[in-house]
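Values in this text are rule-based calculations from the coordinates and carry no lab data. Owing to the predicted nature of the structure, the values given are computational and were not obtained by experimental measurement. FYI the Cβ positions are ideal-geometry reconstructions off the backbone, even for glycines, and counts take in every protein chain you see.
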Ligand code: GAP
């Protein structure tokens with residue numbers, strides 16, 4: 001299948017089946033804005049729950065946090081975002097549309113590693129680079145991506161603040177609180193999941209680059225001398241989690257980010273890239289932030305953001321390893337990993353081979369016929385038991401069995417369970433496997449252990 005065709009199919013399935021809708025659609029939409037429908041929000045929740053369990057709950061060295069989205073403007077002054085969180089912007093001189101200059105030049109295979117805006121302007125002039133619409137381009141300039149807002153009734157410079165562009169700073173500004181209340185020993189980490197906002201010049205590629213998105217971030221506080229060891233350890237942890245949620249690991253690649261391309265705070269960064277249908281692009285980042293953030297916030301706030309080394313009786317500023325994950329990019333990579341089409345008897349069967357622990361619906365329960373009360377009653381009984389045990393179990397008695405299977409396949413439900421007349425006599429049901437379409441009879445009494453094993457719970 002051609003790559004743009006795959007993307008179109010994923011976008012269409014997402015809307016048709018209630019995963020992702022265009023934002024503000026009844027008002028004509030809002031560029032780069034999407035709403036996650038009933039199934040999309042379940043898929044998102046499963047991703048976040050899995051991340052939280054793996055990186056926070058199942059560990060003894062991690063603390064969870066849910067910090068504010070709107071922080072004091074002083075936070076962004078100290079962190080360097082107010083001055084340095086910029087992208088290179090270039091304008092089409094005819095249409096006044098704005099573009100990311102680096103994206104335009106990269107698409108034309110110019111090497112722009114470490115290039116300044118002046119150097120990018122020069123390349124555009126020297127090579128007569130045009131806008132995607134074929135018009136002349138203006139000078140490249142920097143554009144701050146922080147999304148501004150005003151707090152309170154009076155709108156002046158004092159009321160101006162920003163929505164956070166990363167969840168990370170909420171962790172750094174709570175470092176002292178967590179140390180004071182929990183007295184953790186280094187190494188320890190803080191994990192947080194939440195919204196982040198960036199005034200992206202050109203939101204694009206469906207949910208890949210949005211102005212509003214969710215991050216799942218860890219700041220792991222270490223001793224400076226351990227940074228290389230910890231960096232490799234977190235790289236492996238990230239890879240392990242990616243495998244557990246069912247990302248196609250053949251499409252995940254590591255990119256060592258060059259010094260010129262690293263963020264202002266980073267001493268080493270690896271980007272995990274994914275082969276999306278529109279190209280190989282950043283999925284996650286792993287950065288060694290040194291002691292940059294804690295040092296800057298110490299300077300900015302005057303507070304001591306350090307830990308006492310009990311043995312040496314010395315205060316020190318921990319260094320930080322930061323694994324950073326985007327929820328939307330995970331969700332899109334999962335849809336790309338899971339999308340399948342196969343031909344059966346001249347008909348195309350579409351299904352999402354989502355991992356059972358991530359699929360929005362784990363099991364769909366149906367009576368063979370919905371106008372037979374005895375089947376419906378038995379099916380409702382089984383449905384109730386499974387729902388109490390596994391949560392995301394759905395009742396489906398719409399249309400004939402073939403249609404139900406097609407619908408459940410398209411939303412990635414790993415198992416469909418049907419109660420038929422034999423079930424009433426023999427106490428067993430048909431369980432159909434989404435990937436193989438193979439069906440087997442399973443006794444009602446053993447359904448819970450049967451599915452527990454399938455979900456490896
Ligand atoms: N705290 C580090 C940080 O924010 P980043 O590479 O700018 O680093 C981390 O962002 C992750 O957030 C990315 O790897 C990506 O998964 C996600 N992300 C960043 N910008 C995004 C956007 N505009 N839309 C969707 N996800 C985005």
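Sort 230-242, 287-299, 404-416 for me by packing, meaning the mean count of neighbouring Cβ atoms within 10 Å per residue, highest on top.
Result, highest mean first: 404-416, 287-299, 230-242.
Specify whether the C-alpha gyration tensor of the stretch 361-456 places it in the rounded, prolate or oblate class, a ≥ b ≥ c being the square roots of the eigenvalues: rounded for a/c under 1.5, otherwise prolate if a/b is larger than b/c and oblate if not.
Rounded shape, in that the Cα axes give a/c under 1.5.
Semi-axes of the equivalent ellipsoid of the stretch 275-416: what are they in whole Å, largest first, if each equals the square root of 5 times a C-alpha gyration tensor eigenvalue?
52, 23, 10
Using only C-alpha atoms and all pairs of different ones, pull out the Kirkwood radius for the stretch 81-189 in Å with one decimal.
Final number for the Kirkwood radius of the stretch 81-189 is 17.3 Å.
How far apart, in nm, are two points set 7 Å out from the Cα along the Cα-to-Cβ line at residue 54 and at residue 4?
Each label point is offset 7 Å from its Cα along the Cβ direction, giving 3.4 nm.
How large is the convex hull of the Cα atoms of the stretch 1-125 per residue, expressed in Å³ as a whole number?
For the stretch 1-125, the hull spanned by Cα atoms encloses 252 Å³ per residue.
How would you order 354-362, 301-309, 12-20 from highest to lowest mean count of nearby Cβ atoms within 10 Å?
Order by mean packing, descending: 354-362, 12-20, 301-309.
Report the full-extension gain for the segment residue 232 to residue 304: residue separation times 0.36 nm, less the Cα-Cα distance, to one decimal in nm.
Contour length minus the Cα-Cα distance gives 23.0 nm.
Can you tell me the FRET efficiency between residue 400 and residue 282 if r is taken as the Cβ-Cβ distance and R0 is 45 Å, rounded to the nearest 0.05?
Efficiency computed from Cβ-Cβ geometry: 0.50.
Report, to one decimal in Å, the Kirkwood hydrodynamic radius for the stretch 86-144 based on all distinct Cα pairs.
Taking the inverse mean of 1/r over all distinct Cα pairs, the stretch 86-144 comes out at 11.1 Å.
Once you have all Cα-Cα distances for the chain, histogram them in 20 Å bins from zero and send the whole-percent values.
Spelled out per bin, shortest first, that is 21, 48, 26, 5, 0.
Given points 7 Å out from each Cα along the Cα-Cβ axis, report the residue 74 to residue 441 separation in nanometres with one decimal.
7.3 nm
For the chain, what does the relative contact order come out to in percent, with C-alpha contacts under 8 Å and a separation of six or more?
13 percent
Just to be sure I understand the model, the point goes 7 Å from the Cα along the line to the Cβ. What's the resulting residue 94 to residue 111 distance in nm?
3.3 nm
How big is the antiparallel share of DSSP beta bridges in the chain, given as a percent to the nearest 5?
Here the share of antiparallel DSSP bridges comes out near 85 percent.
Compute the length gained on full extension between residue 259 and residue 178: take 0.36 nm times their separation in residues and subtract their Cα-Cα distance, giving the result in nm to one decimal.
So the chain would gain 25.9 nm between residue 259 and residue 178.
Between residue 453 and residue 295, what is the FRET efficiency for a Förster distance of 56 Å, r being their Cβ-Cβ separation, to the nearest 0.05?
0.65
What is the pair-distance distribution P(r) of the stretch 117-239, computed from all Cα-Cα distances in 5 Å bins starting at 0, with each bin given as a whole percent?
Calculated over all Cα pairs of the stretch 117-239, the distribution is 2, 8, 11, 12, 14, 13, 13, 11, 9, 4, 2, 1 percent.
By how many nm would the segment from residue 267 to residue 223 lengthen if fully extended, with 0.36 nm per residue of separation less the alpha-carbon distance?
Contour length minus the Cα-Cα distance gives 14.4 nm.
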